[in-house]
C-alpha cells in the first residue's frame with residue numbers, strides 16, 4: 001500500500017471511529033433517559049411491578065455508565 005492510500009485508509013478509520021463514538025454516546029444518553037422515565041413511572045405509581053421496573057432501570061444505568069469499548 002502506498003503512502004497516499006495508507007493516509008486515506010487512516011483518515012477513513014478515524015472518521016469511522018468518530019462516528020461510532022457519537023452513536024455510542026447517543027445510545028448511552030438514551031439509556032439514561034429511559035432509566036429516568038422508568039423511575040418516574042415508579043414514583044408516580046404508574047406500574048404494578050415497581051421492583052421489576054427498578055431492576056430494568058438499574059440495568060439501563062449500568063449500560064449508560066459502561067465504557068464505550070465495552071459497548
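Things worth noting here:
- For first residues located in region 7-30 and under 15 Å from residue 64 (Cα atoms), partners that are assigned to a helix (DSSP H, G or I) and lie 6+ apart or on another chain with Cβ distances below 6 Å form the pairs 28/64.
- Residue 60 meets the conditions (1) under 14 Å from the mean Cα position of the chain (by Cα); (2) assigned to a helix (DSSP H, G or I); (3) loosely packed, with under 13 Cβ neighbours inside 10 Å in every case but one. The failed one is (3).
- In this entry, residue 47 passes the filter for residues that are outside any helix (DSSP H, G or I) and surrounded by 11 or more Cβ atoms within 10 Å (Cβ to Cβ).
- Residue check, residue 7 modelled with pLDDT under 95, surrounded by 11 or more Cβ atoms within 10 Å (Cβ to Cβ) and assigned to a helix (DSSP H, G or I): yes
The values are calculated or read from the model by the stated rules, or taken from the named source; none is laboratory data. Since the structure is predicted, the reported quantities are computational estimates derived from the model, not experimental observations. Note: ideal-geometry Cβ built from the backbone for every residue, glycine included; neighbour counts use all protein chains shown.
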